[in-house]
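Accompanying notes for the structure given below.
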Amino acid sequence: MDEDERYEAEIALTAMLDDPSPLVHRAMAEALASAAEPPRHLIIGLVALGGEAAALVLGRTRLISEDELVDAAAIGSERAQIAIAQRENLPATVAAALGEVGGLVPCLALTGNISPRRPR
């Protein structure tokens, strides 16, 4: 896409965040969560919506900072906590936050994550 097309696509996707359908949010999350350079405001918007879209983004994207992951672990749903617990190269601080605030299922997901922990 050229710059104008990308700008117009960003505007359209931003407007789609207001769509009440979780199916729309899920489709956006699937498309953007693993994208190389998705617009950060769309990623943050999907996380803020919660639900399955947030879990998809929290489990995959590299645009969310360590501190944002800690916050999402603290206030997110069980599904979001599980998605965070299953991330590759999960930072130790995020794993500790999950261990502190997560329920049984997110903590079990955390213990099953064999990827190395990154120290802060």
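Remarks
- Shape parameters for the chain, alpha-carbon atoms, Rg then Dmax in Å: 14.9, 48
- With DNA, RNA and ligands ignored, accessible area of GLU52 (1.4 Å probe; Å², nearest 10): 80
- Computed in the context of the full set of protein chains, the accessible area of the chain at 1.4 Å probe radius has 57% of its extent on carbon or sulfur.
- ARG40-LEU104 FRET efficiency (beta carbon distance; Förster radius 35 Å; 0.05 resolution): 0.60
- FRET E, pair ASP19, SER65, Förster distance 22 Å, beta-carbon r, rounded to 0.05: 0.25
- For the chain, a Gaussian network of Cα nodes joined below 10 Å ranks ALA109, ALA97, ALA15 by mean-square fluctuation, and the top entry is ALA15.
- Surface analysis of the chain yields an accessible area of 58 Å² per residue, using protein heavy atoms and a 1.4 Å probe.
- Solvent-accessible surface (1.4 angstrom probe) belonging to ARG26, in square angstrom, nearest 10: 80
- A helix-only calculation puts the chain at -20000 deg cm²/dmol for mean residue ellipticity at 222 nm, using -39500 (n - 2.57) for each DSSP H run of at least four residues, averaged over all residues.
- For the chain, the dipole from Cβ point charges (+1 on Lys and Arg, -1 on Asp and Glu) about the Cα centre works out to 760 debye, to the nearest 20.
- Environment charge of HIS25, counting only residues whose C-beta is closer than 15 Å and scoring Lys/Arg +1, Asp/Glu -1: -1
The values are calculated or read from the model by the stated rules, or taken from the named source; none is laboratory data. Only a predicted model underlies this, so the values are computations on that prediction, with no experimental measurement involved. Reconstructed Cβ throughout: ideal geometry from the backbone, glycine too, with neighbour counts over all protein chains shown. These accessible areas exclude ligands, DNA and RNA; they are computed on the full protein's heavy atoms, side chains included. Shrake-Rupley method; radii C 1.70, N 1.55, O 1.52, S 1.80 Å.
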